Amino acid sequence: MKRTWLRLAVLAVVVLAVHLWLLGGLPRVVTPTKTGTFVARNVEPPAPPAPAPTPAAKPAPVPKPQPQPQGKVAPPRPAPGPQEPPLAAPQTRAIASAPKAAPVTEPQVARAPASAPRASEPASAPREARAAPASRVAVAPSARYHYDVTAQVKGLALRGSAVLDWRNRNGEYEVQLSTSSPFPFVKPRTERSVGVVTAQGLGPVRYSVKVRSEEATHFDRENGRVTFSTNKPEAVLEPGAQDRLSIVMQLGAMLAGEPSKYKPGSTITVQTASTKEAEPWTFTVEEASALDLPGGRVQAVRLLRNPRKEYDQKVELWLAPGSAYAPVRLRLTQPNGDWVDQQWSSTDRG
C-alpha cells in the first residue's frame, strides 16, 4: 500500500508540474537565476533582394496600314535599328604614333615581281632563273680552309672536321671538300668540282660526290645539257650554271666583283646541279654581322636559300668580305630536321 501510494503521489506531482509549465508557472525552474556569459557573434545580414525588373516600355502602337489602291502593294518600312557608336579617336592616334618595329633578324623572303607571272609560267619558277650571268667577278686566289664540324643525324650528335681545298691556276679551278668524323661507322664524304675560270666566274665541267661509291654530274657545254651518272633525266644547261660545291666559291666571286650590286634584300638565282638534278637556287642577301667562330671573330654576309619543295635543303652561307669573301661558315638543314654546321677554324694560303 505504501508503494502504491508513493507512486500516486509522484504521478500527481508530475501532472501538476506539467500543468504549471504549460501555464507559465515555472519560470524559476527553466530560467537560471545567475547571469550567464554573453557570447557575441557576427551574423552576416541577408543579401538584399534583387531589384525587381523594370517593366519594359510598352511598344509604340503600330499604325494601321493605309488602304492601298488595288494592284499596288506598298513596301514595308524598315524598323529603325540601334545606332552604332562612332569609332574612338584615341585608338586611331595610338596606332598612328606607335614606334617602328625593330629590324627582323629572321630570314627575309624575296619579294614577288610587280607584274604577275603569265598563266603559262609556274608560279614557283622565279624570273631570276633566266637572268644573265654575272658581269663582274673577282675569283679568290688559291687557299686551304679548315673547319670544325658539328652535326645532328637522327638524334645523334656528331663532331668532326672538314677541309676545303681551293685551287685557281692558269684559267682552271679545282675545289674539293673533305669531311671526316671521329666515329668509325660514319664514312668520310668527299665532294669535288673541276672546271674553267671565265669572265663570268666558274664554269664547272665535272662534279662528283663520294661516300661509299662515286656519283658524278657532267656539264656538256657544246650540247647545252647537264647529264648524270645516276641515270636521271638530263637537264638543259643554263648560263652561269654551277654545282653544289662550286656555287660556294662563285657566290663569293660575284659579291667580291660587285659588292654594291648585292645589297641586303637583293636575290641571286643560279642554276645549281647535284648528282641527280639541276634546278634554280635563289639566295637572299642579308646584312653583314659579326660571327664568333673557332678561328676568331669575323664580319660576314649571310646568304640564305630557303627550300622550294618538300624535300629541299635549307642552305645558309656566310662569306667574309675582309677575306676575299671566303666561305667562313656553311650550315645545311635537312627536311627532317637533321643538320650539319661547319665553321672556319684556320686558313692556309697558296
From (1) touching a residue at least 24 places away in the same chain (Cβ under 8 Å); (2) over 35 Å from the mean Cα position of the chain (by Cα), pick out the condition that doesn't hold for Pro184. (1)
Qualifying positions in segment 241-275 - part of a loop (DSSP other than H, G, I, E, B) and in contact with a Leu (Cβ under 8 Å, 6 or more places away or on another chain): Leu245, Tyr262
Do you know which residues across segment 253-267 are crowded, with 17+ Cβ neighbours inside 10 Å and either out of contact with any helix residue (DSSP H, G or I) (no Cβ under 7 Å at 6 or more places or on another chain) or basic (Lys, Arg) (or both)? Ala253, Met254, Leu255, Ala256, Gly257
Matching option when the condition is loosely packed, with under 14 Cβ neighbours inside 10 Å, more than 35 Å from the chain's Cα centre (by Cα), in contact (Cβ under 8 Å) with a residue 24 or more places away in the chain and at positive phi, among Gly171, Gly224: Gly171
Of the residues Ala157, Ala140, Ala162, Ala151, which is of a type outside the set (Ser, Thr, Tyr) and free of Cβ contacts under 8 Å to residues at least 12 places away in the same chain? Ala157
In segment 151-168, what count of residues is obtained for those that are at pLDDT below 95 and either closer than 18 Å to Gln200 by Cα or part of a strand (DSSP E or B) (or both)? 8
Where in segment 169-218 are there strands (runs of 3 or more DSSP E), lying fully within it, with 3 or more residues that are modelled with pLDDT under 95? none
Among the residues listed as Pro321, Pro280, the single one being in contact with a Ser or Thr (Cβ under 9 Å, 6 or more places away or on another chain) and touching a residue at least 60 places away in the same chain (Cβ under 8 Å): Pro280
Have a look at Asp292, Asp341 and point out the one that is in contact with a strand residue (DSSP E or B) (Cβ under 9 Å, 6 or more places away or on another chain), among the acidic types (Asp, Glu) and touching a residue at least 60 places away in the same chain (Cβ under 8 Å). Asp341
Restricting attention to segment 341-348, does a residue exist that is among the aromatic types (Phe, Trp, Tyr) and within 19 Å of Glu287 (Cβ to Cβ)? no
From the list Arg244, Arg192, exactly one residue is closer than 23 Å to Thr282 by Cα, under 33 Å from the mean Cα position of the chain (by Cα) and basic (Lys, Arg). Which is it? Arg244
Buried (at least 17 other Cβ atoms within 10 Å of the Cβ), in contact (Cβ under 8 Å) with a residue 12 or more places away in the chain and closer than 22 Å to Asp148 by Cβ: does that describe Arg349? no
Tell me whether segment 228-240 contains one or more residues that are among the acidic types (Asp, Glu) and either within 19 Å of Leu317 (Cα to Cα) or assigned to a strand (DSSP E or B) (or both). no
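The values are calculated or read from the model by the stated rules, or taken from the named source; none is laboratory data. These figures come from a predicted structure and were not determined experimentally. Neighbour counts are summed over all protein chains in view; Cβ atoms, including those assigned to glycine, are modelled from backbone coordinates with ideal geometry.
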